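The values are calculated or read from the model by the stated rules, or taken from the named source; none is laboratory data. The structure presented is a predicted model; accordingly, all values stated were derived computationally and were not measured. Here the Cβ positions follow ideal geometry from the backbone for every residue, glycine too, while neighbour counts run over all protein chains shown. Accessible surface is based on the protein model in full, side chains and every heavy atom, while ligands, DNA and RNA are left aside. Shrake-Rupley method; radii C 1.70, N 1.55, O 1.52, S 1.80 Å.
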Amino acid sequence: MRPHRAAGPRRDDGPGPDAAPARRDWRDVLTDATDLALLGIVLTLAALPVLTAAAAVAAASAAVHDRYSTGSWPPIRKNLIRYGHALLPGAGVSLLALAALGLLALDVAALAGGRVPGGAPLLLLTVAVAAALAGYAALVVVEVGRRGGRDWRDSARAAAGACRARPGTWAAAAGVSTVAALLAVMVTPVVVPILAGYAVAALHAVARRLVLAPTVRPPGRTAQP
């Protein structure tokens, strides 16, 4: 056996790998709140030309994804590059979203005004369909953010798969989108841009909790393709 060496003075190299993470205080929370408010303002300004709305949302979603994944916001240059790359493919997405919103708004207005037969039951059904579509669109936005603000088509397919596989995720995203829409109607217009940043962050938080959480499988079973 080896002789036991006497323990000498130990050098403190900082916390070990098992050390508990530092607690966040009110200053960290305030910093995050300010960053999200600024993100919402920039997102709104970048989306003002309407056709750039999808590109602005894609870049903002990618920035929030980086913040959750790495703990820090991406550089301004990277955000601008993402925004520029998303402009052309996002123009068609912006037009599609605008057309869908317009049709839903006309439908709801016609039902609420009594110009279309169906009454309250059909109105509630229309609102439920609108909420479901909003939840799906929200998951698409999250998927686009995970892909660096690109690949709307692949993101739409991935979001559709998530809706089929995890209806709870779909419902949660629809709930976040509905609450955000209601708040946007009730608050003063000046606050709406700030709300946009918080809405994107809330969608990523819901998706990370419900979609990205690892699935625990019994021993000996493999994942299905």
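Compute the distance from the alpha-carbon center of the range 179-197 to that of the range 89-166, in whole Å.
18
What translational D, rounded to a whole number of µm²/s, comes out for the range 93-145 from Stokes-Einstein when the hydrodynamic radius is the Kirkwood one over Cα pairs, at 10 °C and 1.306 mPa s? Write out the running numbers ahead of the final one.
Details: Rh = 12.0 Å.
For these conditions, the coefficient is 132 µm²/s.
Counting only Cα atoms, I'd like the Rg/Rh figure for the range 90-214, Kirkwood definition for Rh. Write out the running numbers ahead of the final one.
Values: Rg = 15.5 Å, Rh = 15.6 Å.
When Rh is taken as the Kirkwood radius, the ratio is 0.99.
Two decimals is fine: what is log10 I(q)/I(0) at q = 0.14, 0.17 Å⁻¹ for the range 53-136, from a Debye sum with one equal scatterer on every Cα and no solvent?
Log10 of I(q)/I(0), two decimals: -0.65, -0.77.
Assuming R0 = 25 Å, can you tell me the calculated FRET efficiency for the pair residue 76 and residue 150, based on Cβ-Cβ distance, to the nearest 0.05?
Efficiency at R0 = 25 Å is approximately 0.85.
Whole-Hz ³J(HN,Hα) for each residue in the range 194-201, computed from phi via Karplus 6.51 cos²θ - 1.76 cosθ + 1.60 with θ = phi - 60°, x for glycine and proline: what do you get?
My calculation for the range 194-201 gives 5, 4, 4, x, 5, 5, 4, 5 Hz in order.
Taking R0 as 35 Å, what FRET efficiency do you get between residue 125 and residue 50 from their Cβ-Cβ distance, rounded to the nearest 0.05?
0.75
Can you put 136, 68 in order of accessible area, largest first, using a 1.4 Å probe?
Greatest to least solvent exposure: 68, 136.
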